[in-house]
Amino acid sequence: MADLFGGLGGLGDLVGGLTKIMPQDDPNVKVFAAQKELSDLQKQEAEIFCAIGKKVFAADGAAAYPAEADKLKLIQSNIQAAQEKLGVVQGEAQAAESAKQEADAARTCPQCGTMNPEGVKFCQECGTKLGAPEKAFCPQCGQENPTGTRFCGACGARMGE
Ligand SMILES: [Zn+2]
Ligand SMILES: [Zn+2]
């Protein structure tokens with residue numbers, strides 16, 4: 001490993017080089033690291049107290065902490081309402097997204113793939129009619145076939161272009 005950095009003397013150079021890339025001796029970096037360490041530890045401490053609190057609350061029963069139990073009840077019902085609201089807005093966002101995709105698909109030319117501006121009826125690139133694909137009816141038997149079908153699925157007649 002040391003050979004990679006020019007023999008034994010290279011280690012000091014390596015550390016020096018890294019320090020230049022990541023200035024760990026920068027006073028602000030040191031402050032940030034120390035603050036992060038402290039807040040991480042405080043968070044862990046709070047989580048343990050929280051776990052203890054839940055156990056004590058469960059063991060003693062809600063009646064032992066009437067004021068907190070009331071607040072908790074309110075918060076829990078608010079949580080339920082917030083979850084329902086989240087579900088509703090997620091549904092709305094999903095509907096808006098699929099509506100947008102549908103609109104994008106409707107203005108994308110089935111012939112050449114050009115995406116045209118909204119409200120355009122014919123492709124600006126090749127003149128193909130945009131919007132819902134025309135239904136293809138067999139000229140022979142009248143069977144409705146998917147657009148682009150070459151031969152009627154019912155009678156085998158060649159479909160018109
Ligand atoms: Zn086109
Ligand atoms: Zn047919």
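Loop-resident trypsin sites (Lys or Arg not before Pro) (DSSP state other than H, G, I, E or B) in segment 108-139 with no more than 13 further Cβ atoms inside 10 Å of their Cβ: Lys121, Lys135. By the rule of a C-alpha distance below 21 Å, with chain neighbours fewer than 8 residues away ignored, the lysines paired with Lys129 are Lys100, Lys121.
With the convex hull constructed from alpha-carbon coordinates only, segment 49-128 shows a mean projected area of 9.0 nm² over all directions.
Amide H contacts of Leu130 (H built 1.01 Å from N, in plane; Pro and chain starts excluded): Phe122, Cys123 sit under 5 Å, all sequence-distant by 5 or more or on other chains.
Considered as an equivalent ellipsoid built on the Cα gyration tensor, segment 27-161 has semi-axes of 64, 26, 14 Å, the largest given first. Of all lysines in the structure, the ones whose alpha carbon falls short of 28 Å from that of Lys71, not counting any fewer than 8 places away in one chain, are Lys43, Lys54, Lys55, Lys85.
Once backbone amide H atoms are built at 1.01 Å from N, Thr108 has Asn116 as its partners under 5 Å, excluding neighbours fewer than 5 places away on the same chain.
FYI, it's all coordinate maths here, none of it is from the lab. Everything numeric in this text was worked out from a predicted model, so none of it was measured. Don't worry about glycine lacking a Cβ; one is built from the backbone with ideal geometry, like all the others, and counts go over all protein chains shown.
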